[in-house]
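A.B. asks: Okay, here's the structure, questions in a sec.
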Amino acid sequence: CIVAVLVIMLLARVQSTRKANEFAGDLETVLSETSERLQKLSVGDLDSPFPESKYEDEFADMLHDSQNMAATLNNIISDASRILGEMGNGNFAIKSECRDQYTGKFQNLLVAMRDLRDQMVETLEMVDTAAQQVYAGSDNLSQSAQALAEGATDQAGAVEELTSTIANITEEAEKSAQN
């Protein structure tokens, strides 16, 4: 019995050591791959897949949370890029498609983009108002120039009549002087 118990204990020890080494190797692989993936994430790689864990444990939870974080970052960056691109093309009626994901510090980004949009709209409205005022001023100037041209034409006609009248008076004066 003692020999059987010792053999069982020895087999259990070997089996548990083998399982422990296998678990430690899997854990080391997952941690190493996760570290590499998080380094890629820190330099902007939001699309590469995260490693998977064979076990349902804290590491699997951490990987799942990391995947969710990368997906949220990807959505926010894509949304911000789309909004700013549309504003660059003159579309200031653009809105966020994932407003609920802008939480924490990301809320500041959404507010800053909204403020930028509002300021651009206000500036464009001021430019439009100024353009309308310039148009009205140039129209008034055009009308004044037209009136001035008509006045100059009238003056030229009056000077011509006056010249003709003076010529007639001169001619009549010469006739009178001869008589």
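A.B. asks: Within segment 83-113, take every residue that is among the small types (G, A, S) and part of a loop (DSSP other than H, G, I, E, B) and give me the one that is farthest from E125 (Cα to Cα).
C.D. replies: Once the filter is applied, the top-ranked residue is G104.
A.B. asks: Next question. Got at least one residue in segment 135-149 being free of Cβ contacts under 8 Å to residues at least 40 places away in the same chain and loosely packed, with under 10 Cβ neighbours inside 10 Å?
C.D. replies: Checking segment 135-149: not a single residue is free of Cβ contacts under 8 Å to residues at least 40 places away in the same chain and loosely packed, with under 10 Cβ neighbours inside 10 Å.
A.B. asks: Right, another one. What is the residue count in segment 87-103 for residues that are open to solvent by 60 Å² or more (accessible area, probe 1.4 Å) and at pLDDT 90 or above?
C.D. replies: 7
A.B. asks: Could you list, in sequence order, all residues of segment 27-50 that are outside any helix (DSSP H, G or I) and under 16 Å from A71 (Cβ atoms)? Quick ask: steps written out before the conclusion?
C.D. replies: Of all residues in segment 27-50, those outside any helix (DSSP H, G or I) come to 43-50.
Result: G44, D45, L46, D47, S48, P49, F50.
A.B. asks: Mind listing whichever residues of segment 23-42 are modelled with pLDDT under 90, exposed (fewer than 11 other Cβ atoms within 10 Å of the Cβ) and not small (G, A, S)?
C.D. replies: E28
A.B. asks: Also, quick follow-up: Taking the condition open to solvent by less than 100 Å² (accessible area, probe 1.4 Å), under 29 Å from Y102 (Cβ atoms) and in contact with a Lys or Arg (Cβ under 8 Å, 6 or more places away or on another chain), does S48 pass?
C.D. replies: Here the answer is yes, as S48 does meet what is asked.
A.B. asks: Right, something else. For T72, are the conditions met, namely being among the hydroxyl-bearing types (S, T, Y) and surrounded by 14 or more Cβ atoms within 10 Å (Cβ to Cβ)?
C.D. replies: For T72, the condition - among the hydroxyl-bearing types (S, T, Y) and surrounded by 14 or more Cβ atoms within 10 Å (Cβ to Cβ) - is met.
The values are calculated or read from the model by the stated rules, or taken from the named source; none is laboratory data. Everything numeric in this text was worked out from a predicted model, so none of it was measured. Heads up, the Cβs are rebuilt from the backbone with ideal geometry, glycines too, and the neighbour counts pull from every protein chain shown. Just the protein is used for accessible areas: all its heavy atoms, side chains included, with ligands, DNA and RNA removed. Shrake-Rupley method; radii C 1.70, N 1.55, O 1.52, S 1.80 Å.
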